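Here is the structure we will look at.
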Amino acid sequence: MDKKKSKIVFIIALSVMLAAIIALSVYLLPHLLIPPKKPVVEAPSSSDATSSEVVLPDNPKNFTKLQKQNPDIHAWISIPGTNIDYPILQSGDDTPEDFYLNHGTNKKYLYAGSIYTQRRNSTDFSDPNTVIYGHNMKNGSMFGTLKKYRDVNYFNKNSVIYIYTPGHILTYTIYAAYRYDNRHLLYSFDFNDPEVFNDYLQMTLNPKTLIKNIRKGIELSSVDRIITLSTCMTSDDYRYLVQGVLINDQPTK
């Protein structure tokens, strides 16, 4: 009898144990199969976020003061390593297109003239190609030092042009300097046509002249913006061009 009782007690205990294991498994199985949800982190509201204002640098040129002297002053050009550090002017409708070819910033006659653009170009340098004119003065003033870019060492060392406009500092890399014929660029090419402009840019990378320096590794396309510095040579049949491509447009105060 004792053996039978012990067997019955063992069976009952085993049954209780199995029932407990089954119950525990039923409870834990869903938690083991379904991964816990990640806590949801809400993005801070605009009221919680701290906003920091972008601090713009000062413009090196005071255009308010410059344009009080002459409202035709719309920009300033500076080329480190040269004597070129001048205002850029554009004549109004009341004066001839090339008025500043032989007039100073005070609008009085001056043989050396001024650095200027023509009305076919916008004054904010947003055009595909902005052409800037200046005399090749023997004393090195105006664009008289551009001829130094015929020397490859000078060309390699002096590669930056800064154009200051109201609210912007534009930085250009000089990529080409070469002799070209005397055609009027803005009337000879439709630079607003991307295909025409792209073809022109590829020409500037390999102009058909022996007098040239081209910067290696430069690639250009119709989305680029360039400036062309144009000055005279000893022969009226040619112009000397120095060209730069825009690499940075820095807003200023």
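The values are calculated or read from the model by the stated rules, or taken from the named source; none is laboratory data. Values in this document were obtained by computation on a predicted structure and should not be read as measured data. Note: ideal-geometry Cβ built from the backbone for every residue, glycine included; neighbour counts use all protein chains shown. Surface accessibility is based on the protein's heavy atoms, side chains included, excluding ligands, DNA and RNA. Shrake-Rupley method; radii C 1.70, N 1.55, O 1.52, S 1.80 Å.
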Condition check for residue 166: touching a residue at least 60 places away in the same chain (Cβ under 8 Å), touching a helix residue (DSSP H, G or I) at 6+ places or on another chain (Cβ under 6 Å), open to solvent by 40 Å² or more (accessible area, probe 1.4 Å) and within 29 Å of residue 60 (Cα to Cα): yes
Subset of the range 70-91 (residues that are open to solvent by less than 20 Å² (accessible area, probe 1.4 Å) and either part of a loop (DSSP other than H, G, I, E, B) or small (Gly, Ala, Ser) (or both)): 70, 75, 79, 84, 91
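Among the residues of the range 157-198, count how many are charged (D, E, K, R) and more than 22 Å from the chain's Cα centre (by Cα). So that I can check it myself, show each step before the final result.
Taking the range 157-198 and keeping what is charged (D, E, K, R), we get 157, 179, 181, 183, 190, 193, 195.
Restricting the remaining residues to those that are more than 22 Å from the chain's Cα centre (by Cα) gives 179, 181, 183, 190.
Within the range 157-198, residues that are charged (D, E, K, R) and more than 22 Å from the chain's Cα centre (by Cα) number 4.
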Enumeration of residues in the range 99-119 that are more than 10 Å from residue 135 (Cα to Cα), touching a residue at least 24 places away in the same chain (Cβ under 8 Å) and open to solvent by 50 Å² or more (accessible area, probe 1.4 Å): 105, 106, 107, 119
Condition check for residue 129: over 13 Å from residue 84 (Cα atoms), of a type outside the set (Phe, Trp, Tyr), open to solvent by less than 20 Å² (accessible area, probe 1.4 Å) and touching a residue at least 60 places away in the same chain (Cβ under 8 Å): yes
Those residues of the range 144-163 which are under 17 Å from residue 83 (Cβ atoms) and either in a loop (DSSP other than H, G, I, E, B) or open to solvent by 10 Å² or more (accessible area, probe 1.4 Å) (or both), in sequence order: 144, 145, 147, 148, 150, 151, 154, 157, 158, 159, 160, 162
Tally of residues being in a strand (DSSP E or B) and either of a type in the set (D, E, K, R) or over 18 Å from residue 90 (Cα atoms) (or both) across the range 126-143: 1
Some residue of the range 52-61 being over 29 Å from residue 186 (Cα atoms), of a type in the set (S, T, N, Q) and at pLDDT 95 or above: yes
